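*Asks:* Take a look at this one; I'll ask things after.
The values are calculated or read from the model by the stated rules, or taken from the named source; none is laboratory data. All figures in this text were calculated on a predicted structure; none of them were measured in a lab. A quick note on method: Cβ atoms are made from the backbone with ideal geometry, for glycine too, and the neighbour counts reach across all protein chains shown. Areas reflect the complete protein model, heavy atoms only, side chains present, ligands, DNA and RNA absent. Shrake-Rupley method; radii C 1.70, N 1.55, O 1.52, S 1.80 Å.
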Protein chains: 2
Amino acid sequence: MRHVAALAGVGIKTVSRVMNEEPGVSESTREKVLLASKQLNYELDVTAGSLRRSSRRTQTVGLLLPSVSNPFSAEIHRAMEDALSLKGVAVFAASLDDEPEREEAMVRAFLGRRVDGMVLTPIASNQAHVIPEHSRDLPVVFIDREPAGLTADAVVTDNAVGGAKAARHLFDVGHRKIAYLGDRTDIQTARERRRGFIDALGELGVSTASVPVRENLHDVESARLAAVEILTSSDPPTALFSSQNLVTFGCMRALRELGLSHTVALVGFDDFTLSDMMDPGVTVIAQHPEKIGALAAERLMARIEGDIQPPKTYIIETTLIIRGSGEIRPAS
Amino acid sequence: MRHVAALAGVGIKTVSRVMNEEPGVSESTREKVLLASKQLNYELDVTAGSLRRSSRRTQTVGLLLPSVSNPFSAEIHRAMEDALSLKGVAVFAASLDDEPEREEAMVRAFLGRRVDGMVLTPIASNQAHVIPEHSRDLPVVFIDREPAGLTADAVVTDNAVGGAKAARHLFDVGHRKIAYLGDRTDIQTARERRRGFIDALGELGVSTASVPVRENLHDVESARLAAVEILTSSDPPTALFSSQNLVTFGCMRALRELGLSHTVALVGFDDFTLSDMMDPGVTVIAQHPEKIGALAAERLMARIEGDIQPPKTYIIETTLIIRGSGEIRPAS
DNA sequence: TTGAAAGCGCTAACAC
DNA sequence: GTGTTAGCGCTTTCAA
């Protein structure tokens, strides 16, 4: 900045004014400064400025995801980037891999970079470790799951209603015996999906005790095995509801293997690429990661800009997408 | 840091030494400082430190991708993160959406944050805009495509050899009339894939002039239409080679529509999720984004740490993955 | 082994 | 409309 000032023949503060587009600079000096900065290829140092700036803002936020390469997370990331880059805010992203230690380590890493706020997918059983920061006024917005151990804004999918939608849809098609294949029961979202699904069946008059349930399925292979087992049991269900993508893939494999793809109905929670290219197309309860990301970004920026309304959980609805697999009627 | 020093009853420099794990501090004072920093929940400010540090490093790098939500890019991102987080380096990612103006804008945004280096997927026809920075010693590594207008490290897929592998595989299965369906011809990688494919066919004795070619297909629908047109022509090919995912999806749609999924062979360039769940499974020439990301991170760090060997292009080989669609034999 | 002083690039406060 | 000075949190240099 000193060099630019020297070259333009002005004071350093004038350069600062021009680079920050502050008013009170004559057009002619503005042009001199701009020319000099062009010549020297000068770019304002955002972080150095934040040191002295009264707001102390670094125009940077942290985003903690299960993995930047997970499609659901990546959509959220993209939506946030779109909202934030407009405001000149850059995003640090980190992958947590379901490891609580990484959650804490990455929070610390971002704190060390003085982010203005964070959007966090909670992994640890408890987010008490961010309490000191949060109470020190560092804005934190949680996504996908609500935090435990502190109150803060959260943006989550309506998992229970999503599960209920699946139940009602399959019921409407005529199914009465529908199996639930679910993820690890220590995952809050999985429990919610199951609860919504089972409760809805109960309300529809199905005996909830007789619903076949297989849980703690966390990959394609375990889901496939569970589905095969259920489908080859003595009184098999006429439809399956799977609580997440990998489980859905396992169910698809099992159905294909057993030649039941067009006989047993399937509804999956969470949409995926090529779901419409399968045979039959896979009916899903779609989440809306782009909405989650956009809203999380909006809330975070509002907090950073001083919004002090009480913390709130924002709930994003799911959408039933009909593609064929969920519309297969029971034999009989 | 002043507060920690006061609480620990030491000088500010001693706190700095402890936080940076510098030698020359007695164990007892070290513990006093650590305790005080714990109590005050203090975290060293990485960026403020970089201001005065002789290396001027911010422990931050920029990553410019087509889109953080594109699966290929997301894998690269993840691989880079894995390599860099070990070294305490954080990653800013940005999506360029094939827009040259965004490429330049994001480069500037990252420069303003004083990144130690950048990994860039070039979009613009020419990367001359990073020359001033690059010649000022800012390390830049290009991925996926080689840069134009300057020489720098690059990590790219061996597109030509990948195309040739597809040609040879289909030839070996017995095909002599194989169509090429490709992306926009202004994309370097697409041209390379085509060149490798056509040249290999020529070497195998196939008249290259008679190879059906459809290019400038950039989405599923245009690819589907082109495939339908080719497959319903008077002298249709017995196999298809598609140059990227969306084109592959379009071909799959067309084959399904025409009832040719098990009659006409298909090899796609670039692997995708669920390729093994299709009917038939889709044979592909797989790229290795995780290798590209890991190598790009390694080269970038080497440059940042002072490596001054001449710039080099690193080539990552592809892998043929056999899943069924590419092994369908020609009729007759 | 420890600390005081200067200064990194910038903005705030205030003077001109 | 413009410039000077102090100081943000830190590391460097150098003295104790």
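*Asks:* For region A:254-266, give me the residue count where each residue is open to solvent by less than 40 Å² (accessible area, probe 1.4 Å) and within 14 Å of chain B (Cβ to nearest Cβ).
*Replies:* Residues in region A:254-266 being open to solvent by less than 40 Å² (accessible area, probe 1.4 Å) and within 14 Å of chain B (Cβ to nearest Cβ): 4 in total.
*Asks:* Okay, next question. So, in region B:46-79, exactly how many residues are touching a His at 6+ places or on another chain (Cβ under 8 Å) and of a type in the set (A, V, I, L, M)? Can you show your working first?
*Replies:* From region B:46-79, those touching a His at 6+ places or on another chain (Cβ under 8 Å) are B:63, B:65, B:68-69; that's our starting set.
If we keep only those that are of a type in the set (A, V, I, L, M) as well, we get B:63, B:65, B:68.
Residues flagged as touching a His at 6+ places or on another chain (Cβ under 8 Å) and of a type in the set (A, V, I, L, M) within region B:46-79 amount to 3.
*Asks:* Kindly provide the set of residues from region A:125-152 that are within 18 Å of the chain's Cα centre (by Cα), among the aliphatic types (A, V, I, L, M) and open to solvent by 20 Å² or more (accessible area, probe 1.4 Å), ordered by number.
*Replies:* If the condition is that a residue be within 18 Å of the chain's Cα centre (by Cα), among the aliphatic types (A, V, I, L, M) and open to solvent by 20 Å² or more (accessible area, probe 1.4 Å), then A:Ala148 is the only one that fits.
*Asks:* If I go through region A:180-212 residue by residue, how many of them are open to solvent by less than 70 Å² (accessible area, probe 1.4 Å) and within 19 Å of A:Gly326 (Cβ to Cβ)?
*Replies:* Summing the residues that are open to solvent by less than 70 Å² (accessible area, probe 1.4 Å) and within 19 Å of A:Gly326 (Cβ to Cβ) in region A:180-212 gives 13.
*Asks:* Which residues, taken from region A:145-164, are within 22 Å of A:Met80 (Cα to Cα) and not in a loop (DSSP other than H, G, I, E, B)?
*Replies:* Within region A:145-164, A:Asp153, A:Ala154, A:Val155, A:Val156, A:Thr157, A:Asn159 qualify.
*Asks:* A further question follows. Going by the conditions given, is B:Arg108 more than 16 Å from A:Leu63 (Cβ to Cβ) and away from DNA strand D (no atom under 16 Å from the Cβ)? Walk me through how you get there before you give the answer.
*Replies:* Values: more than 16 Å from A:Leu63 (Cβ to Cβ): yes; away from DNA strand D (no atom under 16 Å from the Cβ): yes.
Here the answer is yes, as B:Arg108 does meet what is asked.
*Asks:* So which helices (runs of 4 or more DSSP H) are wholly in region B:1-67 and hold at least 1 residues that are away from DNA strand D (no atom under 12 Å from the Cβ) and buried (at least 19 other Cβ atoms within 10 Å of the Cβ)?
*Replies:* B:2-8, B:27-39
*Asks:* Exactly one of (1) in a loop (DSSP other than H, G, I, E, B); (2) of a type outside the set (D, E, K, R); (3) within 14 Å of chain A (Cβ to nearest Cβ); (4) on the phi < 0 side of the Ramachandran plot is unmet by B:Gly88. Its number?
*Replies:* (4)
*Asks:* Find the residue count for region B:274-325, including only residues that are closer than 25 Å to A:Val282 by Cα and of a type outside the set (Val, Ile, Thr).
*Replies:* 11
*Asks:* Okay, moving on. Among the residues of region B:267-323, write down those that are of a type in the set (A, V, I, L, M), without any contact (Cβ under 8 Å) to a residue 24 or more places away in the chain and either closer than 30 Å to B:Ser55 by Cβ or away from every other protein chain (no Cβ under 14 Å) (or both).
*Replies:* Result: B:Ala302, B:Ile308.
*Asks:* Within region B:24-51, take every residue that is facing another protein chain (nearest Cβ under 9 Å) and among the charged types (D, E, K, R) and give me the one that is farthest from DNA strand C (Cβ to nearest atom). Break it down stepwise before answering.
*Replies:* Taking region B:24-51 first, the residues facing another protein chain (nearest Cβ under 9 Å) are B:41, B:43-48, B:50-51.
From what is left, the residues that are among the charged types (D, E, K, R) are B:43, B:45.
Details: B:Glu43: 18, B:Asp45: 11 Å.
The qualifying residue farthest from DNA strand C (Cβ to nearest atom) is B:Glu43.
*Asks:* Among the residues that make up region A:76-85, is at least one of them within 15 Å of B:His77 (Cβ to Cβ), within 7 Å of chain B (Cβ to nearest Cβ) and not in a helix (DSSP H, G or I)? Let's see the steps before the verdict.
*Replies:* Here is the first cut: in region A:76-85, the ones within 15 Å of B:His77 (Cβ to Cβ) are A:76-78, A:80-81.
Applying the additional criterion that residues be within 7 Å of chain B (Cβ to nearest Cβ) yields A:77-78, A:81.
Checking the rest, the ones that are also not in a helix (DSSP H, G or I) come to none.
Checking region A:76-85: not a single residue is within 15 Å of B:His77 (Cβ to Cβ), within 7 Å of chain B (Cβ to nearest Cβ) and not in a helix (DSSP H, G or I).
*Asks:* State all residues of region B:198-236 that are in contact (Cβ under 8 Å) with a residue 40 or more places away in the chain and within 32 Å of the chain's Cα centre (by Cα); if no residue qualifies, say none.
*Replies:* B:Ala223, B:Ala226, B:Ala227, B:Ile230
*Asks:* While we're here: (1) touching a His at 6+ places or on another chain (Cβ under 9 Å); (2) without any contact (Cβ under 8 Å) to a residue 40 or more places away in the chain; (3) of a type outside the set (Asp, Glu): which one isn't true of A:Val4, the others all being true?
*Replies:* (1)
*Asks:* Write out, first by first residue and then by second, each pair whose Cβ atoms fall under 7 Å of each other, whose residues are 6+ apart or on separate chains, and whose first residue, in region B:171-192, is basic (Lys, Arg) while the second is part of a helix (DSSP H, G or I) and crowded, with 20+ Cβ neighbours inside 10 Å.
*Replies:* Final answer for the pair search is B:Arg184/B:Ala190.
*Asks:* Another one. Here are B:Phe142, B:Phe72: which of them is in a helix (DSSP H, G or I) and over 22 Å from A:Thr60 (Cα atoms)? Reasoning before the result, please.
*Replies:* On the way: B:Phe142 fails: in a helix (DSSP H, G or I).
Just a single option satisfies the conditions, and that option is B:Phe72.
*Asks:* Sticking with this one: Does A:Phe72 fit the bill of being open to solvent by less than 10 Å² (accessible area, probe 1.4 Å) and more than 14 Å from DNA strand D (Cβ to nearest atom)? First the steps, then the outcome.
*Replies:* On the way: open to solvent by less than 10 Å² (accessible area, probe 1.4 Å): no; more than 14 Å from DNA strand D (Cβ to nearest atom): yes.
In short, no.
*Asks:* Being touching a Phe, Trp or Tyr at 6+ places or on another chain (Cβ under 7 Å) and either near DNA strand C (Cβ under 9 Å from one of its atoms) or among the polar types (S, T, N, Q) (or both): is that true of A:Val4 here?
*Replies:* On the way: touching a Phe, Trp or Tyr at 6+ places or on another chain (Cβ under 7 Å): yes; either near DNA strand C (Cβ under 9 Å from one of its atoms) or among the polar types (S, T, N, Q) (or both): yes.
It is true that A:Val4 is touching a Phe, Trp or Tyr at 6+ places or on another chain (Cβ under 7 Å) and either near DNA strand C (Cβ under 9 Å from one of its atoms) or among the polar types (S, T, N, Q) (or both).
*Asks:* Of all the residues that make up region B:94-124, how many are outside any loop (DSSP other than H, G, I, E, B) and open to solvent by 10 Å² or more (accessible area, probe 1.4 Å)? So that I can check it myself, show each step before the final result.
*Replies:* Restricting attention to region B:94-124, the residues satisfying the condition of being outside any loop (DSSP other than H, G, I, E, B) are B:94-95, B:100-112, B:117-120.
Still in the running and open to solvent by 10 Å² or more (accessible area, probe 1.4 Å): B:100-102, B:104-106, B:108-109, B:111.
Summing the residues that are outside any loop (DSSP other than H, G, I, E, B) and open to solvent by 10 Å² or more (accessible area, probe 1.4 Å) in region B:94-124 gives 9.
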